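Here, each number is a calculation from the coordinates, and none is a lab measurement. Please read all numbers here as calculations on a predicted model, not as lab measurements.
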Amino acid sequence: MLQTIKRYQFKTIGDTRGKLIALEMFSAQVPFDVKRVYYLFDTQFGAVRGKHAHKQLKQLLICVSGSCLIHCDFGDGRKMDYILDTPDQGLLIEGLVWREMKLFSKGAVLLVLASDHYDEADYIRKYGSFLEEVKNGKRNSTSFS
Ligand code: TYD
């Protein structure tokens, strides 16, 4: 699968009562069928989560409260950091990308929409194995936005 990182700016519906964002599956904003939703909370500023890649899973990350940093490593020397600090933005991660979530602000809540059910077999948890996978599948190309 193509290594893809894409930032989304969601449409906010708001009035004097407050704001609302609606995300619909297979829309321009969620380009896959969501089979699982989970969220990280009570995270510590110094904690680093993730530290893995997925073989097939697609994820859309939204920091619905507070902020955090998503570190993405493509396994060929290229690395990118993305700050998520507003609920109207999302970060799509597809393909073999090593990701680390860190620098969680107090009260941060990171919502993750995932394309599949939890499956430990889809994880690559050893960095060395990830580098091997990238090298072996080097027909991978990368797209950013
Ligand atoms: P993990 O994916 O390693 O967390 P993170 O990437 O946020 O650091 O998962 C932590 C633990 O939670 C691990 O034992 C697997 C379990 N887990 C589930 O049971 N279901 C899920 O949907 C997820 C994401 C994790």
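Table for the structure above
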item	result
Among beta bridges that DSSP assigns inside the chain, antiparallel share in %, nearest 5	95
Nearest 10 degrees, 0 to 90: helix 127-136 Cα axis against the chain principal axis	70
The chain: relative contact order in percent, alpha carbon pairs under 8 Å with at least 6 residues between	36
Restraint check, 19/126; 6/106; 11/135; 106/135; 19/55, Cα-Cα greater than 32 Å	19/126; 11/135; 106/135; 19/55
